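**Student:** Pasting in a structure now, in C-alpha cells, and then I'll have a few things to ask.
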Amino acid sequence: MNVAFLGLGVMGYPMAGHLAKKGGHAVTVYNRTAAKAEKWAKEFGGKHKPTPREAAANQEIVFCCVGNDDDLRSVVLGQGGGKDGAFAGMKSGALFVDHTTASAEVARELYAEGKKGGIGFVDAPVSGGQAGAENGALTVMCGGDDAAYKKAEPVIAAYAKMCRLLGASGSGQLTKMVNQICIAGIVQGLAEGLHFAQKAGLDGAAVVDVISKGAAQSWQMENRYKTMLDGKFDFGFAVDWMRKDLAICLAEARRNHAHLPAAALIDQFYSEVQKMGGGRWDTSSLIARLNR
C-alpha cells in the first residue's frame, strides 16, 4: 500500500520505519526538519518530500504524529490556510490517521473538514512511549467512523500490540486523556511510596520485589522503580509533554464537568519539577521533588 507519514520525532521515526520494514508498505515521509526525513529515507528505503501536501499526494493512508493542536492544524490544513497542508494533496476516498496526542476538539474539527473532500479521519493517539514505538508494541486508541477504522487497523498493526475503536470522532483523544490521568496518579503514588521506603530505612528494591507481587503492581512500578531509586530520569516520556497532555485533560474536564482534583495537583507537582530543571526528565521524576 502507498502511505505517507508526517512527523518523524521520537515516536514517528520508528513508527514509519515499521510501516516500511514490517508492514511492507511504500512509505513517503515529511518532517519539518528536512535532514531527518532524508536520513529516514536512506535508512528505510522510502521517499521524502518537502511539504505535507506533496508527501500526502496520491497516498491511500496518511499517518501523522506531531506535537500539539497547532502543529496538527498546520500539517493538515497548511500554515495560515495555505495550500501545503496534507488535505490539499489527498484525493477523495483517502484516509488520514492522526497519532498526535491532541484535543478532542481538533480531532472533530479535522474530521469535519476531511468530510468536505471525501477524506476519512481517524484520531488515533498512542501509549507506550519511545520504547513501544521502537519495539512495535504501542497501544492505539481510536475515534472515527467504523469503515475508516477498519481500513486503518491492519496497517496500524505494524507497530501496535493493541488497537481499538472507542467511538465517534474525538473518542481516541478522550481515551488518551483517561490514560494520562491514570498514569499521573500511579506515578505520584509510586513516588511517594518509594520516598517513604527510603526515609524509613528500607531496601527499596526489596520492598518492590515483594509488593509488586500483590495489588500494588503496575507497569510503572516494574519499569521505573530502579531508576527512580537511583535518581535517574532519562528513560521515557518527558515532563514537558506530560504537562501538555494534562493541560488538555483539564481543559476537557472544564467542558464536560468532570472533577480531576488529583490530576490538577499532580500537574502542579510537575511544574515544580520543571522549575528544578527537569522539563526533559521522564515522568517518574516526581520523586525528585520529594527528595529535595
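The values are calculated or read from the model by the stated rules, or taken from the named source; none is laboratory data. Being a predicted model, the structure only gives us computed values, none of them experimental. Reconstructed Cβ throughout: ideal geometry from the backbone, glycine too, with neighbour counts over all protein chains shown. Remember, those area values only see protein heavy atoms, side chains included, never the ligands or the DNA or RNA. Shrake-Rupley method; radii C 1.70, N 1.55, O 1.52, S 1.80 Å.
**Student:** Specify the inter-centroid distance of the stretch 36-80 and the stretch 143-221, based on alpha-carbon positions, in whole Å.
**Tutor:** So the separation of the two Cα centres works out to 28 Å.
**Student:** Continuing with the same structure: Rolling a 1.4 angstrom probe over the protein chains, ignoring ligands and nucleic acids, what is the accessible area of Tyr225 in square angstrom, nearest 10?
**Tutor:** Surface open to solvent at Tyr225 totals about 40 Å².
**Student:** While we're here: Ignoring ligands, DNA and RNA, what percent of the accessible area of the stretch 1-117 is carbon or sulfur (1.4 Å)?
**Tutor:** Carbon with sulfur: 47 percent of the solvent-accessible area.
**Student:** Related question: Between Arg164 and Lys42, what length comes free when the chain is fully extended (0.36 nm per residue of separation minus the Cα-Cα distance, one decimal in nm)?
**Tutor:** 40.7 nm
**Student:** If you put +1 on each Lys and Arg Cβ and -1 on each Asp and Glu Cβ, how big is the dipole of the stretch 53-190 around its Cα centre, in Debye rounded to 20?
**Tutor:** My answer is approximately 260 debye.
**Student:** Using modelled amide H (1.01 Å from N, peptide plane; none on Pro or chain starts), what sits under 5 Å from the amide H of Lys47, excluding residues fewer than 5 places away?
**Tutor:** Those lying under 5 Å, H to H, from Lys47 are Val27, Thr28, Val29.
**Student:** Among Ala253, Asn58, Gly118, pick out the residue whose Cα is farthest towards the positive end of the charge dipole of the chain, where Lys and Arg carry +1 and Asp and Glu carry -1 on C-beta, about the Cα centre.
**Tutor:** It is Asn58.
**Student:** Continuing with the same structure: Could you check how much of the accessible area of the stretch 156-271 is carbon and sulfur, as a whole percent, using a 1.4 Å probe?
**Tutor:** On the stretch 156-271, the fraction of accessible area on carbon and sulfur atoms equals 60 percent.
**Student:** With all protein chains present, calculate the accessible area of Lys36 using a 1.4 Å probe and round the result to the nearest 10 Å².
**Tutor:** About 80 Å², rounded to the nearest 10.
**Student:** Can I ask one more? Identify, among Phe269, Ala158, Gly236, the residue whose Cα sits farthest towards the positive end of the charge dipole of the chain, taking +1 on the Cβ of Lys and Arg and -1 on the Cβ of Asp and Glu, with the dipole about the Cα centre.
**Tutor:** The listed residue farthest towards the positive side: Ala158.
**Student:** Any chance you could run the full-extension gain for Ala26 through Ala157? It's 0.36 nm times the residue separation minus the Cα-Cα distance, nm to one decimal.
**Tutor:** Stretched fully, the Ala26-Ala157 segment lengthens by 45.6 nm.
**Student:** Right, another one. DSSP H helices in the chain with Cα extent of 30 Å or more along the helix axis and mean Kyte-Doolittle hydropathy at least -0.5?
**Tutor:** Span-like helices in the chain: 171-199.
**Student:** What does the charge count near Tyr111 come to, summing +1 for each Lys or Arg and -1 for each Asp or Glu among other residues with Cβ under 12 Å from its Cβ?
**Tutor:** Taking every other residue near Tyr111 into account, the sum is -3.
**Student:** Still on this model: Given R₀ = 51 Å, what would the calculated FRET efficiency be for Phe196 paired with Asp70, taking r from the Cβ atoms and rounding to 0.05?
**Tutor:** My answer for the efficiency is 0.80.
**Student:** A 28 angstrom limit on the alpha carbon distance is what I want to check against. Which of Lys39/Lys232; Lys42/Lys232; Lys21/Lys151; Lys49/Lys91 exceed it?
**Tutor:** Exceeds cut-off: Lys39/Lys232; Lys42/Lys232.
**Student:** Moving on. Using only alpha carbon pairs under 8 Å that are at least six residues apart, calculate the relative contact order of the chain and give it in whole percent.
**Tutor:** Normalised by residue count, the contact order of the chain is 13 percent.
**Student:** Here's something else I'd like to know. For the chain, with a Gaussian network of springs between Cα atoms less than 10 Å apart, report the residue from Asn223, Asn31, Asn135 with the top mean-square fluctuation.
**Tutor:** With Cα springs under 10 Å in the chain, the top fluctuation among Asn223, Asn31, Asn135 is at Asn223.
**Student:** Same structure again: Determine, from the Cβ-Cβ distance of Asp230 and Cys182 and an R0 of 25 Å, the FRET efficiency 1/(1 + (r/R0)^6), rounded to the nearest 0.05.
**Tutor:** 0.50
**Student:** Just want to confirm a number: the relative contact order over the stretch 1-150, from Cα pairs under 8 angstrom separated by 6+ residues, in percent.
**Tutor:** 20
**Student:** Still on this structure: Heavy atoms only, 1.4 Å probe, whole protein assembly: order Ile181, Ile186 by accessible area, highest first.
**Tutor:** Ile186, Ile181
**Student:** Structure shown: which of Lys47/Lys161; Lys176/Lys244; Lys115/Lys244; Lys22/Lys161 lie over 18 Å apart, alpha-carbon to alpha-carbon?
**Tutor:** Over 18 Å apart, Cα to Cα: Lys47/Lys161; Lys115/Lys244.
**Student:** Follow-up question, since we're still on this one. With +1 on each Lys and Arg Cβ and -1 on each Asp and Glu Cβ, how big is the dipole of the chain about its Cα centre, in debye rounded to the nearest 20?
**Tutor:** The dipole of the chain has a size of about 380 debye.
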